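Student: Supplied in structure tokens, the structure appears directly below.
The values are calculated or read from the model by the stated rules, or taken from the named source; none is laboratory data. Just so you know, these numbers come straight off a predicted model, no measurement behind them. Note that we place each Cβ from the backbone using ideal geometry, even for glycine, and neighbour counts take in every protein chain shown. Remember, those area values only see protein heavy atoms, side chains included, never the ligands or the DNA or RNA. Shrake-Rupley method; radii C 1.70, N 1.55, O 1.52, S 1.80 Å.
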Amino acid sequence: MVSPARLGRAKGKRTGAVGGLKIELRAGVGHAAGVVGDYKKDGISVARLDDGGKSLAPCTIVIFGASGDLTGRKLIPALFHLFCQGQMPERFRVIGFARREKSDESWRAELRAGVDEHSRPPRREKSTWEAFEKNLFYHRGDLTDAAAYQSLEKRLSDLEDMSLRANLVFYLAISPTLFGETVDQLHGSGLLRRQKEGEDFWQRVVVEKPFGTDLASARELNSHLTRHVRERQIFRIDHYLGKETVQNIMMFRFSNALFEQLWNREAIEHVQVTVSEDIGVEGRGGYFEEAGTVRDMVQNHLLQILSLVAMEPPVSLEAEAIRNEKVKVLQSVRELTPEDVARQVVRGQYFAGSIDGDARHGYRQEDRVAPESNVETYVAARLFIDNWRWGGVPFYLRTGKNLPLRASEVRVQFRPTPNVLFAKQADLQPNALTLRLQPDEGIFLRFNGKVPGNSMEIRPVRMHFGYDAEFGAYTPEAYERLLLEAMAGDATLFIRRDEVETAWGIVDRIRAGWDDTPLSNREFYAAGTWGPETADDLLARAGHKWHNPQAAS
Ligand code: BG6
């Protein structure tokens, strides 16, 4: 999931997990790298990447939606961490664009408080923040007002450093209804142009989710954006792709012959992808009433995980090669008719309950939610990928709010051994591999072992690799990685036009199957349980059972 160019950018030395192989990075700021050799360390073969290549160019990041939650909680803390690690370009500016009246100083003070609250430890020296905040500026303006963009243009042109004027990242952390208009305005003011081949300077647009609300609106938005810029200037965010463990899915698969050889319909019986959350809609009732879980989580995060788990090996680690393979998976997902949806997709909505003794409202009692709402807060689906590798293997996806705990994992269940030697032991478990994406990141392999003693009793045992134990507790925030990639112009971790549209096609067919029918009694679940009972039926019909993630140890 990561190109060598990106892996090698960190200042100093970084190590990364690639299954059992360690990749050690020895690179300076902004350096592209290629694998130059292997050596042994602690008995483990380490592939070393070189530090050749060009630097991250100086640039200005303009954040639209500068007063918003995302900016304070995620974007600025991420940029600050990159700065602390020496990973920002040598010269950079961050300009926050929003409607409220603020000065540079008051915006900086606000952001400082946000960093103190949301940043992960360790705390930084005051002087580091002071050095960082010198690069932060606030620009007051209305997104629909051409004059605001002209004054932004003037402000940028007044900068002495030409690169800071010319290399621009426009981050749209705003209402999706304004994506199109903002890009029109940027184009109109001369700030955003279609990139020509071989140009030294660049402008990029980073678009937050949701990217459309269905296939038609996503297509329209894509056509709108590409009127002014090329596809390669558009960086569509799915923050799951910025997660270290999600990137590792591809590394794990393609660097370990042991697993890759078994990664197919011959050896695998079914796959379960679970993304469970222990929170409700958290004050976002208004948004959720429009979105529902299938659009909020399945269209993006779950289908992205699915495509990484099921993709063929790419021809290289270039962005387009990887994205080509991912989109093929989505294109191979068997189309669901309304009858299939009734059989293969389950939705649910939470009612009042409790999690760890903490009482939770029902969804219908949440703020800005209709008292009779039929919007789903839980989805489980059984999908088939109709290609050579996966023909006939069910992929079960599920995600929900107010489930017992927060955990994301991929569980690969292998086929059982022939029932010959241990036929008497009725509960013999097949092998299973679990990629734990968050929290308690790691990989578990379950196999069977003989219980010591005179009997022939067998029971499941586990092998466990934990990120913390192997690499230390530091796991970079997804947004750090994504911002770095956007500045570097590597689109590997962003969603391409055809990917987003194909994913919407899948979701649209699911929603068409539901056809606005009200939820039945069996589709409700108490907050703090693992979803509606219909979700258990979905697997039971095929003789399968959900494997519920365990709490972090
Ligand atoms: C967002 C959804 O994309 O992902 C939220 O809009 C959800 O509803 C969040 O809570 C989950 O992200 P994470 O990183 O906490 O797993």
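Student: Tell me, what ³J(HN,Hα) does each residue in segment 528-538 have, in order and in whole Hz, if you take phi through Karplus 6.51 cos²θ - 1.76 cosθ + 1.60 with θ = phi - 60° and put x for Gly and Pro?
Tutor: x, 10, 8, x, x, 5, 4, 5, 5, 4, 4
Student: Pop the C-beta distance of R227 and E318 into the FRET formula with R0 = 25 Å and round what comes out to the nearest 0.05.
Tutor: After rounding, the FRET efficiency stands at 0.40.
Student: Which value, to two decimals, describes the C-alpha radius of gyration of segment 350-488 once divided by 2.2 N^0.38 Å?
Tutor: Rounded to two decimals, the normalised Rg is 1.48.
Student: Report the per residue volume, in Å³, of the convex hull enclosing the C-alpha atoms of the chain.
Tutor: 173 Å³
Student: Moving on to the next point. Under a 5 Å amide H to amide H cut-off, with H placed in plane at 1.01 Å, what residues pair with N431 once short-range neighbours are removed?
Tutor: Excluding prolines and chain starts, which carry no amide H, the hits are F414.
Student: While we're on this one: Take segment 295-365, compute every pairwise Cα distance, and split them into 5 Å bins from 0; I just need the percent in each bin.
Tutor: Taking every Cα pair in segment 295-365, the percentages come to 3, 13, 14, 16, 14, 12, 9, 9, 6, 3, 0.
Student: Quick one: work out Rg over Rh on the C-alpha atoms of segment 89-176, Rh as Kirkwood radius.
Tutor: Rounded to two decimals, Rg/Rh equals 0.98.
Student: Which cross-chain or sequence-distant (5 or more) residues have an amide H under 5 Å from the amide H of R389, H modelled 1.01 Å from N in plane?
Tutor: Counting only residues 5 or more places away or on other chains, the set is empty.
Student: Compute, for F422, the solvent-accessible surface of its heavy atoms (probe 1.4 Å) with the complete set of protein chains present, and express it in square angstrom to the nearest 10.
Tutor: 80 Å²
Student: Measure nothing fancy, just the Cα-based angle from helix 478-488's long axis to the longest principal axis of the chain, in degrees from 0 to 90, nearest 10.
Tutor: 50 degrees
Student: How big is Rg to Rh over segment 353-410, alpha-carbon atoms, Rh as the Kirkwood inverse-mean-distance radius?
Tutor: A ratio of 1.14.
Student: Using only the alpha carbons, work out the radius of gyration and Dmax of segment 61-116 in angstrom.
Tutor: Final numbers for Rg and Dmax: 11.1, 32 Å.
Student: Remind me, what semi-axes does segment 474-553 give for its equivalent ellipsoid, largest first in whole Å, using sqrt of 5 times each Cα gyration tensor eigenvalue?
Tutor: The three semi-axes for segment 474-553 are 34, 22, 13 Å.
Student: Keeping every protein chain in place, order K545, K134, K328, K243 by accessible area at 1.4 Å, biggest value first, i.e. largest first.
Tutor: K545, K134, K328, K243
Student: Another question, if that's okay. Could you pull out the longest piece of the chain with no exposed loop GluC sites (Glu not before Pro) in it, calling a site exposed if DSSP puts it outside H, G, I, E, B and it has at most 13 other Cβ atoms within 10 Å?
Tutor: Result for the longest clean stretch: 458-553.
Student: Per residue, how much accessible area does segment 212-265 have with a 1.4 Å probe, in Å²?
Tutor: Dividing the accessible area of segment 212-265 by its residue count gives 39 Å².
Student: Show me the chymotrypsin sites (Phe, Trp or Tyr not before Pro) within segment 424-523 that DSSP assigns to loop and that have at most 13 other Cβ atoms within 10 Å of their Cβ.
Tutor: Qualifying residues, ordered by number: Y474.
Student: Which entries in K74/K243; K102/K126; K74/K154; K102/K209; K126/K243 show an alpha-carbon gap greater than 19 Å?
Tutor: K102/K126; K74/K154; K102/K209; K126/K243
Student: Need one value: the accessible area of R194 in square angstrom, 1.4 angstrom probe, rounded to the nearest 10.
Tutor: For R194, solvent-accessible area is about 100 Å².
Student: Under a point spin-label approximation (7 Å from Cα along Cα-to-Cβ), what is the E290-K545 distance to one decimal in nm?
Tutor: 4.3 nm
Student: Going by amide H atoms built from the backbone, whose H comes under 5 Å of the H on A526, apart from near neighbours?
Tutor: For A526, whose amide H was placed from the backbone, the distant partners under 5 Å are F351.
Student: Moving on. Quick one: Karplus J couplings for segment 196-208, per residue in order, coefficients 6.51, -1.76, 1.60, θ = phi - 60°, nearest Hz, x for Gly and Pro?
Tutor: The phi angles translate into 9, 4, x, 6, 7, 9, 8, 10, 10, 10, 9, 10, 6 Hz.
Student: Report the far tail of the P(r) of segment 132-288, meaning the percent of Cα-Cα pairs longer than 30 Å.
Tutor: I get 38 percent for the Cα pairs in segment 132-288 exceeding 30 Å.
Student: Please list, in order along segment 84-101, the HN-Hα scalar couplings obtained from phi with the Karplus expression 6.51 cos²θ - 1.76 cosθ + 1.60 (θ = phi - 60°), rounded to whole Hz, x for Gly and Pro.
Tutor: Whole-Hz 3J(HN,Hα) from phi for segment 84-101: 4, 8, x, 9, 6, x, 4, 10, 7, 9, 10, 10, x, 10, 7, 7, 5, 6.
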